[in-house]
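The values are calculated or read from the model by the stated rules, or taken from the named source; none is laboratory data. Small disclaimer: the values here were computed from a predicted structure and weren't measured. Cβ atoms come from the backbone with ideal geometry, glycine included; neighbour counts cover every protein chain shown.
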Amino acid sequence: MINYLLLPYIFTVLVEGIVALAMGYRTWNMVAAVFLINLVTNPAANVIYRVGCRFHWLPSGFVTLIPLEILIVLVEWPLLSYTFCGRRRQMFILSLAMNSASFLAGLLIYGV
């Protein structure tokens, strides 16, 4: 369970936190939002992917990972927008950048 949920979550929060900081989002509220939103989306995505692949409901690899990452961006974007009122465009760009970085970093470390 640690290898499948906790480590990917910690890794994702670190990468996405670095991206948010690099993009100028340095407030405690932003750090907390990234942490809490990922607490919902990251374990859910990992469970969907692992269970779906394990029981052959979903194909493994990019065929499933890319749509799942797009879905994560589409879930995190409104959550960030709601948290930081009136900044929909900036929150979409932030969500896309954070998730693209964590996806690419995950590919480098974990492979497909």
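Worth pointing out:
- Of everything listed in (1) in a loop (DSSP other than H, G, I, E, B); (2) on the phi < 0 side of the Ramachandran plot, the single unmet condition for Ile70 is (1).
- Residue satisfying all of: in the range 51-70; surrounded by 15 or more Cβ atoms within 10 Å (Cβ to Cβ) and touching a residue at least 24 places away in the same chain (Cβ under 8 Å); nearest to the chain's Cα centre (by Cα) among these: Glu69
- Restricting attention to the range 80-107, the residues that are over 15 Å from the mean Cα position of the chain (by Cα), touching a residue at least 40 places away in the same chain (Cβ under 8 Å) and assigned to a helix (DSSP H, G or I) total 1.
- Ile72 more than 19 Å from Leu7 (Cα to Cα) and either at pLDDT 95 or above or touching a Gly at 6+ places or on another chain (Cβ under 6 Å) (or both): no
- Lone qualifier among Asn42, Asn29 - being in contact with a Phe, Trp or Tyr (Cβ under 9 Å, 6 or more places away or on another chain) and either of a type in the set (Phe, Trp, Tyr) or exposed (fewer than 12 other Cβ atoms within 10 Å of the Cβ) (or both): Asn29
- In the set (1) at pLDDT 95 or above; (2) surrounded by fewer than 17 Cβ atoms within 10 Å (Cβ to Cβ); (3) of a type outside the set (A, V, I, L, M); (4) in contact with a helix residue (DSSP H, G or I) (Cβ under 7 Å, 6 or more places away or on another chain), the condition left unmet by Ser100 is number (4).
- Criterion violated by Gly24 - all others in (1) exposed (fewer than 11 other Cβ atoms within 10 Å of the Cβ); (2) closer than 20 Å to Tyr110 by Cα satisfied: (2)
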